[in-house]
Every structure is written in structure tokens, then in C-alpha cells.
Amino acid sequence: MSVIGKYFIFLGSLFGKGEKLSVYWRRFMEESVSIGVSSIFIVAIVSTFIGAVSCIQTAYNLVSPIIPVSTVALIVRDMQILELAPTITCIVLAGKVGSNIASELGTMRITEQIDALEVMGINSSSYLVMPKVLAAMFTFPMLVILAAFLGIFGGYLAGTLTGVITERDYLYGIRDSFVPYNLFFMCVKPFVFGFLIATISSYQGFFTKGGALEVGKASTQAVTNSCISVLIADYLLAQLLL
């Protein structure tokens, strides 16, 4: 309970005395590049192959002649939009982005850079953490949209190239019984997950004590806690919004 209380106090400190808007804007753009643009490659690789595997495995399990072949594409589409694209992508980002944030802030703490900012009268938590949180909440939904598209496209490539489904059946399947609300649900998830990953990782790094060994432990703890929080939030969002 003390850790949870300290975490919420840390969140409150983000909204304290801040700097000029231009300072935050510049740092926000830098963090957006660091968090979002640099993660495009790993997100593209993971989502494309997950979509391809989903298509092949779904076709393998649908052996009944009563079920139309286009159902394979329908299942791949809904799996990508509802679960695989937002959740798996954010878990991957928790490992990449979360560990980077925790190690960066942890190094700044043990080298007394954060203490130097506080001596100069700067709200260090707001100056260092707020741009990271906003950048994560801004870029994660865009990465998830890219992941959903590439996942469906990966399923299309795997299905048509291996012959388990024709191009016509796949295109029909991804348009059949489409629910537009699912896209809204898909975009809400990474918005929440981005906040959780950025704040939890920042909390672990910001309060690091000791030396280089503790920075590594803080980075590991940040990834672990972020993944757990993403899974819990995933269930709660599904229960509330679906």
C-alpha cells in the first residue's frame, strides 16, 4: 500500500509547478520521436508475423465444410483489432520503452542530475516525466493502428501465398459483419496502456537508489510491473467497454 500511495503522490507531483509551454512542447516532440518513431520497426515485425500466424492457425482449426473460408479473415480481423494489436504491441513496447525510461531516469538519479534540477528550482518530475507520459499516450494509439493494419495484411499475405484462402474470400471476410465500435475500443486501450507504462517506468527509475546494479533492477521491475498493469487494465477495459 505504501508503494501505491507513493506512486499516486508521484503522479500528483507531475502537475505541480511547471515550465513554459514551449519547453514542454520541445521535449514532447523529442520524446515522441524516441518513444514512437524508434519503435515502428519492432512493432511492424511483430504485428506482421502475428497476423500471419493467426491466419494459418485459424485456417488449420476451421476444418468443417459448413463454415465458409472467409471466416478465417473475419477471425483474424477481430483478433487483431480487439486484442492482439493493442495488447501484444503494448507489451512489446513495455519491454522496449519501459526499460529505456526506467534506465534513463535511474541513471540521472544516481548521477545526481535530478538533484541538480531540483536545486535550480525546477520541478524535476514534471520536467522529465510529463513529456514522456504525453508522448506515450500520443504515439501508442498510432503504433497500435499501424500494428492492426500490418497484422491483417500479414494474414492476407500468409493466407494467399500458402493457398489456405483466396484473395477474394479474405477481402470479403475482413469486411463481413464489421463493428465500427471495435476501432474505438482498440484506440482506447493503447491510450490507457501508454499512461500506465510511462508512469510506472518513470516511477521505478525516478526513485532508484544505489548504483548501476540498482538501475538494472529498476529497469527489470519497470517492465514486470508495466506488463502486469497492462494485463489487468486490459481485462478491466474489456469488462467496462464491451
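The values are calculated or read from the model by the stated rules, or taken from the named source; none is laboratory data. Since the model is a prediction, treat every value here as computed from it, not as a measurement. With ideal geometry, Cβ positions are generated from the backbone for all residues, glycine too; neighbour counts draw on all protein chains shown. Just so you know, the surface numbers come from the protein's heavy atoms only, side chains and all, with ligands and any DNA or RNA stripped out. Shrake-Rupley method; radii C 1.70, N 1.55, O 1.52, S 1.80 Å.
Taking segment 1-98 as the region of interest, what is the percent of Cα-Cα pairs per 5 angstrom bin, listed from the shortest bin to the one with the maximum distance?
P(r) for segment 1-98, in whole percents per bin: 2, 10, 13, 12, 13, 13, 11, 8, 7, 5, 4, 2, 1, 0.
Obtain the radius of gyration and the Kirkwood radius of segment 154-242 from its C-alpha atoms and give Rg over Rh.
1.22
Treating only the Cβ atoms of Lys and Arg (+1) and Asp and Glu (-1) as charged, compute the dipole magnitude of the chain about its Cα centre; round to the nearest 20 debye. Write out the running numbers ahead of the final one.
Numbers: 14 positive and 14 negative charges, 54 e Å.
My answer is approximately 260 debye.
Could you calculate, for segment 63-189, the ratio of the Cα radius of gyration to the Kirkwood radius, expressed as Rg to Rh? Each step should come with its number before you reach the end.
Values: Rg = 21.4 Å, Rh = 17.5 Å.
Radius of gyration relative to Kirkwood radius: 1.22.
I'd like to verify something in the chain: which complete DSSP H helices, judged by Cα projection on the helix axis, reach 18 Å or more and average at least 1.0 on the Kyte-Doolittle scale?
Numbers: long enough: 21-35 (20 Å, 0.05); 40-61 (31 Å, 1.68); 124-162 (54 Å, 1.49); 181-206 (38 Å, 1.15); 212-241 (42 Å, 0.97).
Once both thresholds are applied, what remains is 40-61, 124-162, 181-206.
Over the chain, what relative contact order in percent results from Cα pairs under 8 Å that are six or more residues apart?
Details: 328 pairs, mean separation 82.3, N = 242.
In percent, rounded to a whole number, it is 34.
What number, in nm² with one decimal, is the all-direction average of the projected area of the convex hull of the alpha-carbon atoms of segment 136-179?
Working: hull surface 14.7 nm².
Its Cα hull, projected and averaged over all orientations, spans 3.7 nm².
Hey, what number do you get for the chain at 222 nm if only DSSP H runs of n ≥ 4 count, each worth -39500 (n - 2.57), divided across all residues, to the nearest 500?
Working: 11 runs with 186 residues, N = 242.
Computed ellipticity for the chain at 222 nm equals -25500 deg cm²/dmol.
So which GluC sites (Glu not before Pro) in segment 90-163 end up in coil per DSSP with only 15 or fewer other C-beta atoms within 10 Å?
Details: sites: Glu104, Glu112, Glu118; in loops: Glu112.
Sites meeting the loop and neighbour criteria: Glu112.
On the accessible surface of the chain, probed at 1.4 Å, how many percent belong to carbon and sulfur atoms?
Looking at the chain in its full context, I get 72 percent from C and S.
Between Tyr24 and Leu231, how many nm apart are label points set 7 Å from Cα along the C-beta direction?
Result: 3.5 nm between the two label points.
I need the P(r) histogram for the chain: all alpha carbon pairs, bin width 10 Å from 0 out to the longest distance, whole percents.
8, 28, 29, 18, 10, 5, 1, 0
In percent, what relative contact order does segment 45-175 have, based on Cα pairs under 8 Å that are 6 or more apart in sequence? Please report the intermediate quantities before stating the final value.
On the way: 118 pairs, mean separation 72.6, N = 131.
Dividing the mean separation by the residue count of segment 45-175 yields 55 percent.
On a straight-distance basis, which lysines could pair with Lys6 in a cross-link, Cα separation under 24 angstrom, same-chain partners fewer than 8 positions away excluded?
Counting by Cα, and skipping residues close in sequence, Lys6 has these lysines nearby: Lys17, Lys132, Lys209, Lys217.
On average, how much area does the Cα convex hull of segment 114-199 cover when viewed from any direction, in nm²?
Details: hull surface 30.5 nm².
That works out to 7.6 nm², a quarter of the Cα hull's surface.
What is the Cα centroid distance between segment 196-242 and segment 73-94, reported in whole angstrom?
What the calculation gives is 20 Å, centre to centre.
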